[in-house]
Amino acid sequence: YSLCRILPAGVLWCITCATITTACQQSEWDDHYAPQTEASGTLLDVMTADGRFSRFLESADQAGQTALLTGTQTYTVWAPTDDVLQAAATSSALNVANHISRFIYGIEDLVDTTALRIKMLSGKYVDFTHDARSSSSYSIGDALLKESSLLASNGVVHSIGDIIPLRQNLYEKIQDDPRFSQLAAYLTAFDEREFDGSKSISIGQNDYGQTVYDSVFNYSNYWMKHHGSIYDEDSTYTMLLPTNQAWTEGEGLVKPCFRTFGKMLTDDSNSGRSLIATRTYALDTDEADSLQRVHTQQAMAGSLVFRRVVNPVENDSLITTTGQVIHTPQSMFDNASPEPTSNGLAMVTDSWTVPATDTWNRTLRIEAETAVHKQLYTTTPTTRDATTEGFVGVVSGNAWLEVENASTSARMQPQILFDLPGTLATAYNIYVVMAPGLAHDATHQGDSTRVRFYLNYVHEDGTMHEDEVIEADPLTGMPFVTNGRAMTRFLIAHHFRFPYANVNMSEDEELPTTSQEPAVKLRMQTNVAASETTLMNKVMRIDCFILEPVTAE
């Protein structure tokens, strides 16, 4: 017989055997865990009659929760047996409410999934899981289900081989564990509790005739609204938790990059056509120190939280709750120890491993067409879209800002002034990207232009003024002449270090900061002589500005 005739029968035989084996195994599992008797009373009745749960029932009575076991509502009781509680180091480890859940749960709930989060009466969620590697292994938290269950008129009892720990959530852990007191001090500063009169009940008057309430307060935390509700039992997160040692190390790395100046003292900026900013700022003030500290802590704490429980080893990248992409999650969680919480996983670390260039010191890309700018000696700048094949998807944001002369005079050089927000007190390579007219119009006759640049920022002495003109690449010495038929990328500053950070928190972040005028500006101007107008055009097509942090100097 040929192989094609023998194979189908063989396959059919294998499938049949596998089906029989699986069915037998499933029957054994069902026999092991399924209720063995019909309901013969309430949860209290069947647990008392069974005789293995006397210690659990004693604890339930002491906690005033026996009535739950005799009521009409339906519960699942995940009960450690007497031998388990006798072997436990301390009976106080048993929290009865953390072993009772509403509704009935059993192994049938894990047919289509390997894990189910179950809310206990304690308010904590506990994972009910099935280990796929061991088909007969079911657990609630870290406790294995033991013998067959007991069916009652108002629920079901599962005997378990361990106490379910009453774990803290992430925020409780941060607040209560002295290892995280520095992070806790930062986060708890955002706590707010607002009296809710509609839910509070009047219980009389005090000696002054004032109404006294059984008060209800609504809790909120502004930081968590933006970074993840790590106090919420209904959500799950993974959080890198830096100990005080790690937090101090991180501050040492991050804080210098947020070196901040104080209030503006004078503004001698030109009110004429040039609009060149010339100002002085206060230095080394209490306000400057406060701003530096706030910015530093916000940058550090804003990079620690991830949604759901994640395994860094299994992910090439991870995204924080603020949208930061961590490209090297393995190194970020290197040497971090996992500590389970009721709403996720705390990864505790004694060293600061947050990658700067993925989080607080990322590459800045500023789109010219949407940037804050002032036109100088020009017509109103025009936004152009990239529509030509070969440029769609290549032009950043698929658009650029086109700036041309307002005058027909050959002597006039169009120029424009841009704000460059978000720069830190660190070193950058600064690039300007420009597009050709062909990117918008395929019939455009390719033209080029020569440009020059002026950087304006707060210098070491607290004065804001323009540096000397930049007319050539700092490495090659080549002048800045655009390519009329392709994208052009100019390096205008190499390893350039800003003395002060140009960072202001937005008003809606409700942080104790003061609003400052933008303190880093870039002026662009064509640099085409009257005798060169037949060779070059005075049109600047500005795509974007890129500031890449220098990680090693």
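Quick notes on this one:
- When segment 299-324 is filtered for residues that are open to solvent by 10 Å² or more (accessible area, probe 1.4 Å), in contact (Cβ under 8 Å) with a residue 24 or more places away in the chain and of a type in the set (S, T, Y), the ones remaining, listed by number, are T321, T322.
- In segment 142-196, counting only strands (runs of 3 or more DSSP E) that sit wholly within it, none holds 2 or more residues that are at pLDDT 95 or above, in contact with a helix residue (DSSP H, G or I) (Cβ under 6 Å, 6 or more places away or on another chain) and on the phi > 0 side of the Ramachandran plot.
Every residue, every condition in (1) farther than 17 Å from R489 by Cβ; (2) of a type in the set (A, V, I, L, M), yes or no:
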{"residue": "T359", "(1), (2)": "yes, no"}
{"residue": "V372", "(1), (2)": "yes, yes"}
{"residue": "T380", "(1), (2)": "yes, no"}
{"residue": "T388", "(1), (2)": "yes, no"}
{"residue": "V403", "(1), (2)": "yes, yes"}
{"residue": "L420", "(1), (2)": "no, yes"}
{"residue": "L424", "(1), (2)": "yes, yes"}
{"residue": "Y431", "(1), (2)": "no, no"}
{"residue": "A435", "(1), (2)": "no, yes"}
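- Output for segment 520-544, where each listed residue is touching a Ser or Thr at 6+ places or on another chain (Cβ under 7 Å) and either closer than 25 Å to D385 by Cβ or free of Cβ contacts under 8 Å to residues at least 12 places away in the same chain (or both): T526, M536, N537, K538, V539, M540, D543, C544
- Residue list for segment 61-83, filter: in contact with a Phe, Trp or Tyr (Cβ under 9 Å, 6 or more places away or on another chain), part of a helix (DSSP H, G or I) and within 20 Å of D162 (Cα to Cα): D82
- Test: residue in segment 96-103 that is modelled with pLDDT of 95 or more, farther than 17 Å from R167 by Cα and among the β-branched types (V, I, T): no
- Total residues in segment 379-399 satisfying the condition of being without any contact (Cβ under 8 Å) to a residue 40 or more places away in the chain and assigned to a helix (DSSP H, G or I): the figure is 1.
- Some residue of segment 91-102 being touching a helix residue (DSSP H, G or I) at 6+ places or on another chain (Cβ under 9 Å), closer than 16 Å to L151 by Cα and part of a strand (DSSP E or B): yes
- Extreme residue, modelled with the lowest pLDDT, among residues of segment 535-553 that are under 11 Å from Y428 (Cα atoms) and of a type in the set (A, V, I, L, M, F, W, C): A552
- Members of segment 276-320 found to be touching a Ser or Thr at 6+ places or on another chain (Cβ under 7 Å), within 30 Å of D467 (Cβ to Cβ) and part of a loop (DSSP other than H, G, I, E, B), listed by number: I276, A277, T278
- Leading residue by the ranking (most open to solvent (accessible area, probe 1.4 Å)) among those in segment 325-368 that are within 17 Å of V313 (Cα to Cα) and assigned to a helix (DSSP H, G or I): Q330
- Here E249 fulfils each of the conditions (1) within 30 Å of T236 (Cβ to Cβ); (2) open to solvent by 60 Å² or more (accessible area, probe 1.4 Å); (3) in a strand (DSSP E or B) apart from (3).
- Scanning segment 280-298 for residues being in contact with a Gly (Cβ under 9 Å, 6 or more places away or on another chain) and open to solvent by less than 30 Å² (accessible area, probe 1.4 Å) gives a total of 5.
- Residue match in segment 418-441 (condition: modelled with pLDDT of 95 or more, assigned to a strand (DSSP E or B), in contact with a Ser or Thr (Cβ under 8 Å, 6 or more places away or on another chain) and open to solvent by less than 50 Å² (accessible area, probe 1.4 Å)): yes
- Filter result for E367 (over 27 Å from the mean Cα position of the chain (by Cα) and either modelled with pLDDT of 95 or more or more than 25 Å from P474 (Cβ to Cβ) (or both)): no
- For S215: the one exception among (1) open to solvent by 70 Å² or more (accessible area, probe 1.4 Å); (2) modelled with pLDDT under 75: (1)
- In the set G462, G477, G484, only one residue is of a type in the set (G, A, S), in contact (Cβ under 8 Å) with a residue 60 or more places away in the chain and farther than 18 Å from Q415 by Cα; that residue is G462.
- Residue check for E471: within 28 Å of A529 (Cβ to Cβ) and open to solvent by 10 Å² or more (accessible area, probe 1.4 Å): yes
The values are calculated or read from the model by the stated rules, or taken from the named source; none is laboratory data. Owing to the predicted nature of the structure, the values given are computational and were not obtained by experimental measurement. Neighbour counts run over all protein chains shown; Cβ positions are idealised from the backbone, glycine included. When the accessible area is computed, the model is the full protein with side chains, heavy atoms only, and any ligands, DNA or RNA have been set aside. Shrake-Rupley method; radii C 1.70, N 1.55, O 1.52, S 1.80 Å.
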